[in-house]
1. If you take the alpha carbon radius of gyration of the range 11-120 and divide it by 2.2 N^0.38 Å, what ratio comes out, to two decimals?
2. Explain nothing, just the number: dipole magnitude of the chain about its Cα centre with +1 on each Lys and Arg Cβ and -1 on each Asp and Glu Cβ, in debye rounded to the nearest 20.
3. Show the residues, 5+ positions off or on another chain, whose built amide H is closer than 5 Å to the amide H of Glu73.
4. Keeping all protein chains in position, work out how much accessible area Ile4 exposes to a 1.4 Å probe, and write it in Å² to the nearest 10.
5. How large is the accessible surface per residue of the range 1-71, computed with a 1.4 Å probe and reported in Å² as a whole number?
6. What residues qualify as long-range amide H neighbours of Ala99, i.e. H under 5 Å apart, gap of 5 or more or another chain, H built at 1.01 Å from N?
7. Classify the range 79-120: rounded, prolate or oblate, from the alpha-carbon gyration tensor (a ≥ b ≥ c, eigenvalue square roots; a/c under 1.5 rounded; otherwise prolate if a/b is larger than b/c)?
8. For the chain, which whole percent of the accessible surface, found with a 1.4 angstrom probe, sits on carbon and sulfur atoms?
Amino acid sequence: MERINIAEKFARFSEQWQPKVVAELNGQEVKLVKVQGTFPWHHHDDVEEMFLVWRGRFWVEFRDRIVELGPGELVVVPRGVEHRTAADEEAEVILLEPAGVLNTGNELDEKFTAPMGAKI
């Protein structure tokens, strides 16, 4: 039961699209990720994902619309919904999702698929 300083945690890594676990609760993981560019289209059959922007601008693309987010704004992607995420400039995003979720969902991608459970 320690205090977690989000800004300090983000300062400890520089790689993009590689989520880092900072906390766990009720079978969920709180992850931090730095993003820039465009992530591949994918979906998660059995889980929902929450994206909360900490710094920068970020968007989630769906096949029928785009949800743009700034600091302090979030979106929840329902299970099974195809999506991809993107940012023109580096953004810092907080994720909340069940433990053991592969970041690329139903897709394996040499560049973007991250090891699960990496902690910081």
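1. Working: Rg = 12.6 Å, N = 110, 2.2 N^0.38 = 13.1 Å.
Scaled against compact globular proteins, the figure is 0.96.
2. Values: 14 positive and 22 negative charges, 73 e Å.
That gives the chain a dipole magnitude of about 360 debye.
3. Here Val53 satisfy the definition.
4. The value for Ile4 is about 70 Å².
5. Details: 4170 Å² over 71 residues.
Per residue, the range 1-71 has an accessible area of 59 Å².
6. Hits under the 5 Å cutoff: Gln28, Glu29.
7. On the way: a/c = 1.32, a/b = 1.10, b/c = 1.19.
Here the range 79-120 falls in the rounded category.
8. Exposed carbon and sulfur together represent 49 percent of the surface.
The values are calculated or read from the model by the stated rules, or taken from the named source; none is laboratory data. Given the structure is predicted, the values throughout are model-derived calculations rather than measurements. Positions of Cβ are backbone-derived with ideal geometry, glycine not excepted, and every protein chain shown enters the neighbour counts. The protein model used for the area step is the full one, side chains on, heavy atoms only, and it has no ligands, DNA or RNA in it. Shrake-Rupley method; radii C 1.70, N 1.55, O 1.52, S 1.80 Å.
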